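What follows draws every value from the coordinates through simple rules; no lab data is involved. Quantities reported herein were computed from a predicted structural model and do not represent experimental measurements. Note that each Cβ is placed from the backbone with ideal geometry, even for glycine, and that neighbours are counted across all protein chains shown.
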C-alpha cells in the first residue's frame, strides 16, 4: 500500500475524478478526507469507501469560503494529528466566448479554480511545515497548457495553477513538501453528459489513443505523485491526455 496511514484531504471528492481519487487513496491505505459542497454526496462517498474496508471521513466544504477551509483543515489536523497530502481537485466551468463572457462567469471560475487552490494550500501548508513533509497535487488541465476556444476564464485558472505549482515547489521543496500538478485531457465524467456524440467523437479524434480518459486513470496519477514513489518529483505539470498535444 503506497499511501499506508497517510491523511489525505481531497477537494471536489464526491464525484468524478475526485471520487475516484478518494477511492484509490483509501485502497492504497490512506484515510481519504472527502470534501465537497454536497454533504449528502460526501456522506455517500464516505459510506461506500468504508463498505469496501477503506478509511474515509467527510466534510462539507466550499473552497471559496476561506473561513470554512481553515475550519476543516484545523478539524482534520486535530482529529488525525497530521495532514500528509492535499489534492486540489475542486473545479468548475462556465464557458463562453470572450465577447459574451460575463463578469460573473469569469469571477466564479477564478474564485473556485484559482483562489480556492490558493486558500486550501495556504491553509494546509503550516501543518506540513510542522512535520517537515507533505505532498500537494493540484488539478490543472491541457487547457492550462494550450488554451481553448470559449474558455478564457477556465484557461486562466489552469495556467495559474501551473504557476502556483512552479512557485510553491521552489518555496517548499527544501522544507520536505513536494508540489505538482496534473493536466488531464478529455476525461469521461458527468461533466460531458450533455455534450452531443459528434462533439465527443471530435474529442476522441484529437487524442492519439482515440478514446477519452477515465477518472480511475487520473486517480492513479494522483496516487503516484502523492506517494513516496515520486519522492524526487517536484514542480511538474504532468500532461495526461493520451497524447493529444503530439
Qualifying positions in the range 84-104 - touching a strand residue (DSSP E or B) at 6+ places or on another chain (Cβ under 6 Å) and either over 26 Å from residue 189 (Cα atoms) or in a helix (DSSP H, G or I) (or both): 84
Taking the range 1-24, which residues are more than 13 Å from the chain's Cα centre (by Cα) and closer than 14 Å to residue 48 by Cβ? 23, 24
